[in-house]
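Undergrad: Would you mind keeping the following structure in view while I ask a few things?
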Amino acid sequence: MLENTPKTFLGRFSFTQKLGGLAAFFLVLLGSLSGYSLLDSYEIRREIEEMTYSDMPLFRTAIEIKQRNQEFINTLDLIQNYRTRNTEIQAEKIIAYLHRLDKLCMEIDALSEEGTQQAKYALEEERIKEGTFRLNQSFEDYEKISALFYRFQSSHQLLHFSLDQLSRGVHQDGSLHNSSHNGIFQDLRRETLKTDETVEKIFSHLDLQMQSSLKVAMHEQQKLQLFNLTLALTALISGTICAIILIGQLKNSIVPVTRKAKKIAQALSQNNDEGIQEGLNAEEIAKAVMAGKEIAELGLAFNQMVDNLARSHQAQLKSERLLAEEKNLMAFTLSSISDGVITTVPDGKILTANVAAGKLLGYSVESLIDQDLITLLTQNATVPFDVFNQKLACDRQRITIETPDGREKVLDISHAPICSETDEVLGYVIVLRDLTQMVDTNRKLTWQSSHDFLTGLANRREFLAALERLHEEGTVVSTDHTVLYLDLDRFKIVNDTCGHDAGDELLIQISHYISNEVRKGDLVARLGGDEFGIILENCPLSRAIAVAEKILLAIQKFRFFWLEKKFSLGISIGVVAFRPNQDDPVMILKAADQACYQAKNTGRNQVYAVPDTERHLAAQNAEMNWLTIINRALSEDHFQLFQQKIVAINDTTGQHHKHYEILLRLKTSDGKILPPGAFLPIAERYELMAKIDRWVISHFFESQSDYLRSLWRTSQSGDSSGRSFYSLNLSSESLNDPQLISFLEQQFALHQIPPEIICFEITETMAIANLHRASQIIRSIKNLGCRFALDDFGSGMSSFGYLQTLPVDFLKIDGQFIRELCQNSMNAIIVEALQQVAKAVKIKTIAEFVEDEETLQKLRELDVDYAQGYGIHRPSPLRHMEIIKSQNSMTQNILKQSFSKS
């Protein structure tokens, strides 16, 4: 900027300036009287200037190193903050900060190298000037500063090596949570602190050196003050004259600087970047040069100050922008999370709160500020909230509060202290999490696990748990209780006739009726389907029977209405005494169930009480033994198939059709043959009938496959036996088996048996109990080609009406009408009516329990089609391959006759 100024020394000054310089020269001559003092003063001034200009690079380098080192420490703190969180976004930020650390490390390396060189230069300068006058500066001081710079450079090289190790580890593992990384991170932080301490020592030595030099200078200046004061007065008078001459010239040079400085100050107050960057132009610098060297240097220094100020202002604006972005990001994060976050001062007064905290507590964020958090929580809490624990790093508890709008909320509260470096508690950060929905869900799940969803009563699980509790309490206090087991009668009629919605409504109404007949403390449970259980605590058997009779009477009076239909119901109740100190809860429930079953077997709609539980349980144990025998018979084939002939009563053709019913017997280990009445009721109770039905079907098909195929071939050739069939019984359990049809299809395909010679039977009561399912099964079986018979026909209350729904081929008249057919005219009328209805709908009839010839003759008169009973044929073991054997013998006879003729 000084390139346009005159090159010669005198040519650089104006006439006025030359005049002022001449006057100053004479003033210097006047001051020669104090030459020695002035010489020393000048030497001191020169040394201070040299010290300042020589030591300033060291100061600047040390300042830049300190700034970079502080930025390095701040970045490490940021990494420490993020490394406690384990998310992908935070891992990316950690890697970015590691790159930033690496860059800072390289800059610090360069600065430390520069500082080392500057210290070395200062040492060399000190050696050169060792013999001259120095202001209390020693060679040893610069040696210490140089050694500190070497020490800093060595420490920072170790720090750089630790940073490289940490960066490589994080890039390989993607995490700072590795134990080895933790160690490197601690080493890195420790080395950083060491380098920071070294920088502080450099500053300390430079500062001490400067202060010592200034102190000596001040002392020397005090000596010369008196002399210089005299000289100054003289110089002041002379200088005033020169100043008057020079002021006009200086004014033109100084005014642009002051004007621009004022403009820059205004720009700074208004945040105007363009105004801050406006320094002196070339013309104004030229004027300053003409005013003198000092003025020129002032202009240049002003321009340098403007540049530095502009850069500093830009850096400040950038830092403020980054700080604002981080603040906005933090505010956005706090407003986005669902947990409430609150910060307080040490005494609990709220400083900040996010939106979620306001929603959880039922207040606006503005109204929460400055409120006392402890008071706010405890005044609305049903569970008290403890004061902050200053000794613990983190405290956690759960409270229930009521919000201002009346809602109840369960909050999980955790808080941690905010501490200074000296462990002083500055405040607290509190996190509120809403657990209301989770608690409500757990409460609902707990209730659902112990209650029936339809009726709201306790379920079987809760019922057994209550028995277990009474059993445990009975070991301490001996008390007697009673257990009732209830089963609705004719519930399936409502369910099948009106649908499941009607059945559900019926169960709900029945549960209310039962609950109203017992005490509030008594447990009523729905055990499954249409079965209920009641525990009468501290109630003897006699009183329990009275309660059961009361329930029975209430159900008998009850009428259920559905879509203009009215139903009356009954209930079978089993009553069992429960002595907790003696009886097992599971066995008591089974005993009550069996008592209820006995109530059903003895006529339904009644109460069956078990006064002697031990005897009852002994009977139940006997049933368990039977259950073991039945299961063994299934697995080891101890069952045996019998057959009983069914004959045509009015067969005028002379052809004898072969009709048989397949019956089941059980062969014991000692060779006895047991009738079905000995084991089938137990099999029905324990749901083994479907397995028994499958055993009968598969073994009959397997053993008689050749015989049945032969029977079918004969019928195809026109033989009379083509109309023969074998009848097999199906239980109610098989009727409800969704895999029954697929099993039959598999058996027919496996053994190649023609379905047309197989007839299946179900009882009338079984069909009525599940009319829709029975109709489906009958049609599906008939679609296979089989025939179907309805057993015990006439035992139901509306037998004729069901014939329109059930597509059967045979009706087997109930044996109760056949046994006394000749002695009871009413039985004869009923049988005749059944026969006429069956004939009208083209269904064949079969009379069961025919014991004598007189009964058979009566049936013949009533035009019944078939008869079955001990008077015709007693059941006999099923023979294998009857027709095949007879045909083989016949074939052999024909062959012998042919050979003899030849």
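Undergrad: Starting with the highest mean, order 495-508, 567-580, 699-712, 525-538 by the number of other Cβ atoms within 10 Å, averaged over the residues of each peptide. Provide the component values of the computation, followed by the final result.
TA: Values: 495-508: 16.3, 567-580: 22.8, 699-712: 18.6, 525-538: 20.7.
Order by mean packing, descending: 567-580, 525-538, 699-712, 495-508.
Undergrad: Classify segment 635-877: rounded, prolate or oblate, from the alpha-carbon gyration tensor (a ≥ b ≥ c, eigenvalue square roots; a/c under 1.5 rounded; otherwise prolate if a/b is larger than b/c)? Working shown, then result.
TA: Numbers: a/c = 1.33, a/b = 1.26, b/c = 1.05.
Rounded.
Undergrad: Follow-up question, since we're still on this one. If amide H atoms are built 1.01 Å from N in the plane of the peptide, which residues on other chains or at least 5 residues away come under 5 Å of the amide H of I846?
TA: Long-range HN contacts for I846: L811, K812, I813, Y866.
Undergrad: Give the share of C-alpha pairs in each 5 angstrom bin for segment 741-832, from 0 to the last occupied bin, in whole percents, shortest bins first.
TA: P(r) for segment 741-832, in whole percents per bin: 3, 13, 22, 19, 15, 12, 8, 5, 3, 1.
Undergrad: On the protein heavy atoms, probe 1.4 angstrom, tell me the percent of accessible surface of segment 458-612 carried by carbon and sulfur. Let's see the in-between values first.
TA: Details: 3590 of 7250 Å².
Answer for segment 458-612: carbon and sulfur cover 50 percent of the accessible area.
Undergrad: Next question. Quick one: Karplus J couplings for segment 482-490, per residue in order, coefficients 6.51, -1.76, 1.60, θ = phi - 60°, nearest Hz, x for Gly and Pro?
TA: With coefficients 6.51, -1.76 and 1.60, one gets 9, 10, 10, 10, 10, 9, 5, 9, 6 Hz.
Undergrad: Check which residues have an amide H placed less than 5 Å from L523's amide H, if you skip close sequence neighbours.
TA: I535, E537
Undergrad: Residue by residue through segment 700-709, which ³J(HN,Hα) values in whole Hz follow from phi under the Karplus form 6.51 cos²θ - 1.76 cosθ + 1.60 (θ = phi - 60°), with glycine and proline marked x?
TA: Ordered by residue, 3J(HN,Hα) equals 5, 5, 5, 6, 10, 4, 5, 5, 5, 5 Hz.
Undergrad: Separation between the Q316 and R443 pseudo-spin-labels, each 7 Å from Cα along Cα→Cβ, expressed in nm?
TA: About 5.9 nm, to one decimal.
Undergrad: To continue, here is another question. Order the peptides 185-192, 369-376 from the highest to the lowest mean number of other Cβ atoms within 10 Å of their residues. Present the calculation step by step, with values, prior to reporting the outcome.
TA: Values: 185-192: 18.1, 369-376: 15.6.
Per-residue mean Cβ counts within 10 Å order the peptides as 185-192, 369-376.
Undergrad: Per the 1.4 Å probe, what fraction of the accessible area of segment 635-877, in percent, lies on carbon and sulfur atoms? All intermediate terms of the calculation are to be shown ahead of the outcome.
TA: Working: 5460 of 11140 Å².
Heavy-atom surface of segment 635-877 belonging to carbon and sulfur, 1.4 Å probe: 49 percent.
Undergrad: Could you rank the peptides 308-318, 677-687 by their average count of other C-beta atoms within 10 Å per residue, with the highest value first?
TA: The peptides rank, most packed first, as 677-687, 308-318.
Undergrad: A follow-up question, please. Rounded to the nearest whole Å², what accessible area per residue is found for segment 761-881 with the 1.4 Å probe?
TA: Numbers: 5780 Å² over 121 residues.
About 48 Å² of surface per residue is accessible.
Undergrad: Moving to a separate point now. Given R₀ = 30 Å, FRET efficiency for A554-T602 by Cβ-Cβ distance, to 0.05? Working shown, then result.
TA: Values: r = 21 Å, r/R0 = 0.70.
The calculated FRET efficiency here is 0.90.
Undergrad: Calculate the FRET efficiency for E861 and Q816 from the Cβ-Cβ distance with a Förster distance of 22 Å, rounded to the nearest 0.05. Kindly include the intermediate steps, with their values, before the conclusion.
TA: Details: r = 20 Å, r/R0 = 0.90.
Computed FRET efficiency for E861 and Q816: 0.65.
Undergrad: Also, I was wondering about something else. Find the Rg to Rh ratio for segment 458-612, where Rh is the Kirkwood radius over alpha-carbon pairs and Rg uses the same atoms. Mind showing how you got there, number by number?
TA: Numbers: Rg = 15.5 Å, Rh = 15.7 Å.
Ratio of gyration radius to Kirkwood radius: 0.99.
The values are calculated or read from the model by the stated rules, or taken from the named source; none is laboratory data. These numbers were taken from a predicted model, which means no experiment stands behind them. For neighbour counting, all protein chains shown are included, and Cβ atoms are generated from backbone atoms with ideal geometry for every residue, glycine included. Areas reflect the complete protein model, heavy atoms only, side chains present, ligands, DNA and RNA absent. Shrake-Rupley method; radii C 1.70, N 1.55, O 1.52, S 1.80 Å.
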